[in-house]
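The values are calculated or read from the model by the stated rules, or taken from the named source; none is laboratory data. All figures in this text were calculated on a predicted structure; none of them were measured in a lab. Because the Cβ atoms are built from the backbone with ideal geometry, glycine has one as well, and the counts that use them run over all protein chains shown. Accessible surface areas use protein heavy atoms only, side chains included; no ligands, DNA or RNA. Shrake-Rupley method; radii C 1.70, N 1.55, O 1.52, S 1.80 Å.
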Amino acid sequence: MPHEAISVFDIFKIGIGPSSSHTLGPWRAAQRFINNIEGAGDLSKVTSVRVLLYGSLAKTGIGHGTDIAVQLGLCNDDPVTFDVDSVGTKIADIAAMKRIVLAGKHEINFDARTDIEFLVTESLPYHPNALTFLASFADGREIAETFYSIGGGFIKKENEKILIREGIELPFPIDSADDLLHWCRRTGLSVSDVVLENENTWRPDFETKTGVLAIWEVMKQCTFRGSHTAGTLPGGLNVKRRASELNKKLIGDRRYENYDSWLMAIRAGGNNFKYTLDWVSCFALAVNEENASFGRVGTAPTNGAAGVIPAVLQYYVIFCDGYSEDKIIQFMLTAAEVGSIFKKGATISAAMGGCQAEVGVSSAMAAAGLTEVLGGTQRQVLMAAEIAMEHHLGLTCDPIAGLVQVPCIERNTMGAIKAITASQLALQSAPDFAKVSLDGVVKTMWDTAKDMNTKYKETSEGGLAVHIPISLSEC
Ligand code: SF4
């Protein structure tokens, strides 16, 4: 059977909030669609483009900014580099002019209100997150391409097998936790070293390390920005940003020039339990408030769950006294492999598995990463991931008004704390006596995902989304 090769840079990506499956994936799909047309030499002949959104993308697409993402993708703007402060202006310009510049080169009429359709009663069978792009050409031709946004920013074009990287032969093929443990035992390498050996298949060692540190830099800056930005989140729910208030309560009004001076000030406050707990919450809130504001975040493994790993990493850096670039890299490589195991054995898409697939997976990833850098054995690393997921099983996805705000933002604080507790439990335990394996919990999560009622899978048709009264203004 062909082996699915997933790199650390598939699991961790730099992007824009609020959602990897509803924003980043559709954005990438729109880019691919327009680049395909341009590659065929047909861009200048396009006369119209329409976008059809199905299933979960239709039901919660407005709150998740799917309409915004596909417009920016059709312009071939890049989510990694696009100026996040220009999102609103650019979308307003397209709406006012009723014109869009495809791939930044070819201008056509485009009215998002009619050219993007939210087909809330329709779903495509392969995956709940589906979107079809239709283009008409001056010579009378028409084309349609369907994509699926399958979680974590991954996309799959209809009838295309893109998940299997042809020709990639990893020295340590891993599909399950047992595979990973097998390679660790056989080589005597740590989890992160096994992962690094695999990454070396794609690129030189230093490129992997530099790339991982670049993602860490995005996480740090995102946390810093979020911890110093007050106000109300967009979308109409009027959710107040809390990270900056908590930041002020913890270290006062002084505004620090940069992340490093802020970090030193936090560290100087000591490490009593309540202080540490408040900071872990602050970091997670900060990242997810940035995510909800269309800010730049590191997808880890999704945008809705983007706060867990930065919060746990910063807990490690500040309160465990162990900061070094090597340790950050070890944490991220270990976390990525655990995310990859969940993606292969279950799902990282809330539209397939509810929030256990997002915050649950990010918590398991963070628990494994933390255990690795705190000196846990390979089996303790896997045990930590198992414990963290075991206590997220069955967690549903029911964002109020389809916005990645409630319960999402607070839920990241819970994911981070559970990760730290899981890591500590694993470090204090003998894995020989564990009753549940990581592979066992991956399978259980997938079974639970399949049994979960559809309304709890990113549709906003169940749970908090229907029990909390809101009044959103029409816009
Ligand atoms: S409830 Fe969880 S999975 Fe659903 S949008 Fe919020 S963070 Fe993502």
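Annotations for the structure displayed:
- Restricting attention to region 24-140, close to 75% of DSSP beta bridges with both partner residues there are antiparallel.
- Taking all protein chains into account, the per residue accessible area for region 225-264 stands at 61 Å² (1.4 Å probe).
- Between ASP451 and HIS467, the contour length at 0.36 nm per residue exceeds the alpha carbon distance by 3.5 nm.
- Protection-proxy order for peptides 323-332, 293-302, each taking the mean of Cβ atoms within 10 Å per residue, highest first: 293-302, 323-332
- Cross-link check: pairs LYS249/LYS343; LYS249/LYS327; LYS344/LYS455; LYS435/LYS455 evaluated at a Cα-Cα cut-off of 28 Å; pairs beyond the cut-off: LYS249/LYS343; LYS249/LYS327; LYS435/LYS455.
- The residues of region 140-212 present an accessible area of 52 Å² per residue when probed at 1.4 Å with all protein chains retained.
- Couplings 3J(HN,Hα) for region 7-18, derived from phi with the Karplus relation 6.51 cos²θ - 1.76 cosθ + 1.60 (θ = phi - 60°), are 8, 4, 7, 7, 7, 9, 9, 9, x, 10, x, x Hz, where x marks Gly and Pro.
- 3J(HN,Hα) couplings calculated from phi for region 457-462 with the Karplus curve 6.51 cos²θ - 1.76 cosθ + 1.60 (θ = phi - 60°) are, in sequence order, 10, 6, 10, 6, 10, x Hz; Gly and Pro show x.
- Potential lengthening between LEU277 and LEU213 on full extension [0.36 nm per residue; Cα-Cα distance subtracted]: 20.5 nm
- Cut-off 18 Å, label 7 Å out along Cα→Cβ of LYS157, residues of region 3-27 by amide N: 25-27
- Cα gyration tensor of the chain - equivalent ellipsoid semi-axes, whole Å, descending: 35, 26, 21
- For SER429 and ASP139, a Förster radius of 60 Å and the Cβ-Cβ distance give a FRET efficiency of 0.35, rounded to the nearest 0.05.
- Binning the alpha carbon pair distances of region 250-318 at 10 angstrom intervals from zero yields the distribution 19, 50, 28, 2, expressed in whole percent.
- Alpha carbon convex hull of region 342-468, volume per residue in cubic angstrom: 91
- Per residue, region 47-137 exposes an accessible area of 42 Å² to a 1.4 Å probe, with every protein chain left in place.
- Built amide H within the under 5 Å cut-off of ILE16, gap 5+: VAL297
- The calculated 222 nm mean residue ellipticity attributable to helices in the chain amounts to -15000 deg cm²/dmol, summing -39500 (n - 2.57) over DSSP H runs of n ≥ 4 and dividing by all residues.
- Among beta bridges that DSSP assigns inside the chain, antiparallel share in %, nearest 5: 85
- Between 0 and 90°, nearest 10: helix 177-187 axis offset from the chain longest Cα axis: 50
- Simple label model, 7 Å out from Cα along Cβ direction - ASP93 to ASP253, nm: 3.9
- Gap separating the Cα centres of region 246-316 and region 65-126, nearest whole Å: 32
- The per residue volume of the convex hull around the alpha-carbon atoms of region 19-60 is 64 Å³.
- Length gained when the stretch GLU107-ASP326 is fully extended (0.36 nm per residue, less Cα-Cα span): 74.1 nm
- For GLY151, nonlocal amide neighbours, meaning residues 5 or more places apart or on other chains whose placed amide H falls under 5 Å from its own, do not occur.
- Whole-percent carbon and sulfur share, accessible surface of region 338-435, 1.4 Å: 57
- Here the 3J(HN,Hα) profile of region 372-381, calculated from phi with Karplus coefficients 6.51, -1.76 and 1.60 at θ = phi - 60°, is 4, 6, 8, x, x, 6, 4, 6, 5, 4 Hz, Gly and Pro shown as x.
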